[in-house]
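The values are calculated or read from the model by the stated rules, or taken from the named source; none is laboratory data. Model, not experiment: these values are computed from the prediction. Positions of Cβ are backbone-derived with ideal geometry, glycine not excepted, and every protein chain shown enters the neighbour counts. Surface accessibility is based on the protein's heavy atoms, side chains included, excluding ligands, DNA and RNA. Shrake-Rupley method; radii C 1.70, N 1.55, O 1.52, S 1.80 Å.
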Amino acid sequence: MANSNLSNAKNAKNDEFYTQYPDIEKEMNAYLEYDPDVFRGKTILLPCDDPEWSNFTRYFAQKFEALGLKRLISTSYAPESKKYKYGYTPSLFETQDPQFDSSKTRTNGKIFILDHDNTGDGRIDVDDLQWSYLEGDGDFRSAEIRKLRDEADIIVTNPPFSLFREFLAWIMEAGKQFAIIGNMNAITYKETFPLIKNNKIWLGCSIHSGDREFGIPDEYPVTAAGWRIDEAGKKYIRVKGVRWFTNIDHGRRHQPLALMTLADNLKYSRHKELKGKTEYEHYDNYDAIEVPFTDAIPSDYDGIMGVPISFLDKYCPEQFEILGLTQIGCHDLIPDTKKYNTYKEMLTSSDKATGASGNKTNENAVLPGKGNKKTYYLGPNGEIVHSEYKRILIRKKQ
């Protein structure tokens, strides 16, 4: 289910969320446990960041020597470019620095660099960060930030989720290693899923369920559920359905999923949807069975299975192969056994039901209810055919 906090923020373009330090540390530790030298001798770029407040900058700066980094670069986006609706006041950090420039504070991004002992205390850490204004606004699509991308080895950040598709393409274009945070529904994007299917990217190790708390700028209004303001007046919001997306290896993705036989799943399943059934449902338009829960994947079925997108939290590429994804045309390896028109997202209790893919409105495809959105196929004669949520089509490797 789409998260309302994410949706509201996306609509308002208020998508500047500050990731908490423990969430960063836990994910980076997973990479280090698999390969202790994963960051050694590397240049780390933290774009889409706000170095003055960022826990990404804090983490890598504090652990610069322990990780064996070569260089750390962190950049921010200009306040004017963020188009703050609620005003912007530069921090004391900026205004009290000799290089403060009132003509640039709103229009130019900032860059922080760490690569040597600047204070002379014999170690390289957060106190040695040096900053200056960027020539431009710090947009990751600019030539200035693109050049920094090309110089870096690894990119780590929490990009604006309204630009997730574009940001991921920006990374893949350069062939860099990365770890970024995004909405779980990004798995189903037509730009993202083929990369997952071909094992070019995968989900991170540390976030599998529940929600995560993010800091938000002071000027953001607190209107969503799950928010708080701490004793220092800092605002926080809890967001569901977030995941790390990465191409840095970690041990979790090579741990096979424990499975039961098909018969045992039906007999002992804790899910009421499966209890009392004698077999798994078979799709009407794919030669595959519906497995509605990851822990219900049968160990003795060699055919094609449709599983929830949350399966990727426990996906082991040595155990399963990913064949496709329903509803977006990424299932070339699984031909349709029955053809339906392009799926549509129907709005219940409406006069008209609009096509999610831009097809013409079907005035007869109206569903009873209270305004909930449901995904359906339209049959050859305009009949409504129920469709599950998007499913990943997989097959067990021999």
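Just a few scattered comments:
- Matching residues in the range 231-263 - criterion: being more than 27 Å from ILE309 (Cα to Cα), in a loop (DSSP other than H, G, I, E, B) and touching a strand residue (DSSP E or B) at 6+ places or on another chain (Cβ under 7 Å): LYS234
- Only residues that are in a loop (DSSP other than H, G, I, E, B) and modelled with pLDDT of 75 or more were counted across the range 83-139, and they come to 31.
- Here is the figure for the range 214-256: residues that are of a type in the set (Gly, Ala, Ser), more than 29 Å from SER299 (Cα to Cα) and touching a residue at least 12 places away in the same chain (Cβ under 8 Å) total 5.
- Members of the range 300-313 that are in contact (Cβ under 8 Å) with a residue 60 or more places away in the chain, open to solvent by 10 Å² or more (accessible area, probe 1.4 Å) and in contact with a Leu (Cβ under 9 Å, 6 or more places away or on another chain): TYR301, ILE304, ILE309, LEU312, ASP313
- Identity of the residue in the range 34-79, within 22 Å of the chain's Cα centre (by Cα) and part of a helix (DSSP H, G or I), that ends up nearest to ASN247 (Cα to Cα): TYR34
- Hits in the range 30-68 - residues which are free of Cβ contacts under 8 Å to residues at least 40 places away in the same chain and touching a Ser or Thr at 6+ places or on another chain (Cβ under 8 Å): ASP50, SER54, ASN55
- Among (1) open to solvent by 30 Å² or more (accessible area, probe 1.4 Å); (2) under 18 Å from GLY204 (Cβ atoms); (3) modelled with pLDDT of 95 or more - the single one VAL38 does not satisfy: (1)
- Top-ranked residue in the range 236-251 [being touching a Lys or Arg at 6+ places or on another chain (Cβ under 9 Å) and open to solvent by 40 Å² or more (accessible area, probe 1.4 Å); ranked as nearest to VAL291 (Cα to Cα)]: LYS240
- Search result, residues across the range 200-222 that are in a loop (DSSP other than H, G, I, E, B) and open to solvent by 20 Å² or more (accessible area, probe 1.4 Å): LYS200, CYS205, HIS208, SER209, GLY210, ASP218, GLU219, PRO221, VAL222
- ASP284, sole failed condition from (1) open to solvent by 60 Å² or more (accessible area, probe 1.4 Å); (2) in a helix (DSSP H, G or I): (2)
- Residues that are open to solvent by less than 40 Å² (accessible area, probe 1.4 Å) and touching a strand residue (DSSP E or B) at 6+ places or on another chain (Cβ under 9 Å) are absent from the range 272-279.
- Only listed residue being over 24 Å from TYR21 (Cα atoms), open to solvent by 50 Å² or more (accessible area, probe 1.4 Å) and of a type in the set (Gly, Ala, Ser), chosen from ALA225, ALA258, ALA232: ALA258
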